[in-house]
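Trainee: What follows is a single structure, and I will ask about it in a moment.
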Ligand code: FES
């Protein structure tokens with residue numbers, strides 16, 4: 001069995017399992033969660049941005065596309081905050097645990 005990383009999503013207060021290499025947004029979407037997005041995951045809108053409360057080291061480092069989108073949409077100061085684009089930040093390895101805050105994430109429809 002493939003081991004999974006864990007993502008705790010606030011304020012919804014759910015913990016999901018996610019395969020390594022998945023983006024935060026894709027991992028949640030794969031389980032049926034709604035994650036706010038406007039550009040559909042192309043690192044342009046920053047609607048998907050979430051605050052990483054814990055486990056930043058379990059995510060891949062910020063790449064150029066993510067940095068460019070965040071700075072363009074929210075200003076350079078955003079780089080001093082724990083904000084990451086959920087459509088770009090990937091879980092670095094199975095076994096990691098990340099806690100994020102993203103208002104607007106909704107559970108799968110029953
Ligand atoms: S979904 Fe648009 S930047 Fe992530």
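Trainee: What is the number of the single condition among (1) modelled with pLDDT of 95 or more; (2) on the phi > 0 side of the Ramachandran plot that residue 95 does not meet?
Mentor: (1)
Trainee: May I pose another question? For a quick check of your reading of the model, give me the residue pairs whose first member lies in segment 40-53 and is in contact (Cβ under 8 Å) with a residue 24 or more places away in the chain and on the phi > 0 side of the Ramachandran plot, whose second is surrounded by fewer than 16 Cβ atoms within 10 Å (Cβ to Cβ) and in a loop (DSSP other than H, G, I, E, B), with beta-carbon atoms closer than 9 Å and at least 6 apart or on different chains.
Mentor: Close Cβ pairs (under 9 Å, with a partner that is surrounded by fewer than 16 Cβ atoms within 10 Å (Cβ to Cβ) and in a loop (DSSP other than H, G, I, E, B)) amount to 43/63; 46/38; 46/39.
Trainee: For segment 81-106, give me the residue count where each residue is more than 15 Å from the ligand (Cβ to nearest atom) and either surrounded by 15 or more Cβ atoms within 10 Å (Cβ to Cβ) or not in a loop (DSSP other than H, G, I, E, B) (or both).
Mentor: 9
Trainee: Then there's this: Taking the options 75, 32, 63, name whichever one is more than 13 Å from the chain's Cα centre (by Cα) and without any contact (Cβ under 8 Å) to a residue 24 or more places away in the chain.
Mentor: After ruling out the rest, the residue left standing is 75.
Trainee: Looking at the structure I just gave you, is residue 66 surrounded by fewer than 18 Cβ atoms within 10 Å (Cβ to Cβ) and either touching a strand residue (DSSP E or B) at 6+ places or on another chain (Cβ under 9 Å) or modelled with pLDDT of 95 or more (or both)? If you could, list the steps in order and put the result at the bottom.
Mentor: Details: surrounded by fewer than 18 Cβ atoms within 10 Å (Cβ to Cβ): no; either touching a strand residue (DSSP E or B) at 6+ places or on another chain (Cβ under 9 Å) or modelled with pLDDT of 95 or more (or both): yes.
No.
The values are calculated or read from the model by the stated rules, or taken from the named source; none is laboratory data. In this text, all values refer to a predicted model and were calculated from it rather than measured experimentally. All Cβ positions, even for glycine, are placed from backbone atoms using ideal geometry, and neighbour counts span all protein chains on display.
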